[in-house]
1. Using only the alpha-carbon atoms of the range 304-355, report the extent along each of the three principal axes, biggest first, to the nearest angstrom.
2. Calculate how many DSSP beta bridges within the range 118-190 are antiparallel, expressed in % of all such bridges and rounded to the nearest 5.
3. Search the structure for amide H atoms under 5 Å from the amide H of Val154, placed 1.01 Å from N in the peptide plane, and list their residues when 5 or more places away or on another chain.
4. Quick check on the range 105-229: take the gyration tensor over C-alpha atoms, sort the square-rooted eigenvalues as a ≥ b ≥ c, and tell me if it's rounded (a/c under 1.5), prolate or oblate.
5. Sequence gap at least 6, Cα distance under 8 Å: using those rules, report the relative contact order of the range 95-215 to the nearest whole percent.
6. Starting from the range 262-337, pick out the trypsin sites (Lys or Arg not before Pro) whose DSSP state is loop and whose Cβ has at most 12 other Cβ atoms within 10 Å.
7. Once a ≥ b ≥ c are taken as the square roots of the eigenvalues of the Cα gyration tensor of the chain, is the result rounded (a/c under 1.5), prolate (a/b larger than b/c) or oblate (a/b not larger than b/c)?
8. Can you give the extra length, in nm with one decimal, that the chain gains between Leu27 and Arg108 once fully stretched, where that is 0.36 nm per residue apart less the Cα-Cα distance?
Amino acid sequence: MKVPFLDLRAARAELGGELNDAVNRVLDSGWYLLGPETEAFESEFAAYCGAAHCVTVGSGGAALELALRAMEVGPGDEVIVPSHTFIASWLAVTATGARVVPVEPEPRTLTLNPERVQDAITPRTKVIMPVHLYGQPADLDAIDEIAAAHGLRVLQDAAQAHGAGLRGRRVGSTGTAAFSFYPGKNLGALGDGGAVVTADPDLAERVRLLRSYGSRVKYRHEIKGENARLDEIQAAVLRVKLTRLEEWNARRRATAERYLAELAGLDGLTLPTPAPWSTHVWHLFVVRCAKRDRVQARLGELGIGTLIHYPVAAHRSPCYADLGLGPGSLPAAERLAEQVLSLPMGPHVTAAQAAAVVAAVRAAVPGR
């Protein structure tokens, strides 16, 4: 059996009529930007997260960057970031002119390690940016405590954590979080999109200004903003998909639980370890293999689609050569880049497909 890494057409098949109705509603309205669909989605997603405010923007990267700008991050400031994350987390920081300060991950959850954050704080530190990676929340309580002690802001990168929770509350219900609605996310649009959810009304209003040329009234520009608006069609699509998010996250969880149970004990394979205080939403199911490239090639031969999240540590990317972080400077991130492998995961992975993935992994892992 061939199993794709992710089948986005399956969502279209399940929601076809509802998606058609949503798109046609926008087309019939003749209103394509900052209209009633955007307003309704912002209200609905804020309520889902348990947040006071939601401001949609054009992408997850824009959500991070505009939230940082709303926090008045700029040249001369430092932002603490995970060493192991998608490079967009770093790029949002450097887009403001600030400097990234990478911190190595907690070894079990692979999220920002609070014990290392304390040592990374300097007089220039302005924001700590934990990433809720792969659907696993970072230990936000510990990070918030450190931030409060030093008078710092916290911006959560929640691009992979729609519906995730920790200690009984949803990600985004406290503080400020930036989400992505890239098509492959747990809550994905039919193109790019993002949002900032926050408890801070002033920050929300500043993001609203920044996303639309710094303007509340057309042609009157209060601050130097940019064009980063979510369009009405994407908002309408997201409204439909939001009604399925809990169900689809539950399906992801069932697939993950099967993988965890049936792949346990394999030599040469390290399975993900959710924190006991978290509600993991399994945006990705990421294993670690000492011989990752060999395992990935064999799985491909067996018809199993896989991806690597992420094959190059951010500090080893050419665009960050100016940081002077050579080989061995962030060993945990470098080791993960050599070992991580993402197995098929999504709300439409069938029981038969999950069984095929398990059988193939058991055949592909060295020593089996």
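1. Extents along the principal axes, in whole Å: 48, 18, 15.
2. Details: 2 of 8 bridges.
About 25 percent, rounded to the nearest 5.
3. Close amide H contacts, sequence-distant or interchain: Ile128.
4. Values: a/c = 2.32, a/b = 1.38, b/c = 1.68.
Since a/c reaches 1.5 but b/c is at least a/b, the shape of the range 105-229 is classed as oblate.
5. Across the range 95-215, relative contact order equals 16 percent.
6. none
7. oblate
8. Gain in length upon complete extension: 24.4 nm.
The values are calculated or read from the model by the stated rules, or taken from the named source; none is laboratory data. Just so you know, these numbers come straight off a predicted model, no measurement behind them. Positions of Cβ are backbone-derived with ideal geometry, glycine not excepted, and every protein chain shown enters the neighbour counts. Ligands, DNA and RNA are excluded from the accessible area calculation, which covers all protein heavy atoms including side chains. Shrake-Rupley method; radii C 1.70, N 1.55, O 1.52, S 1.80 Å.
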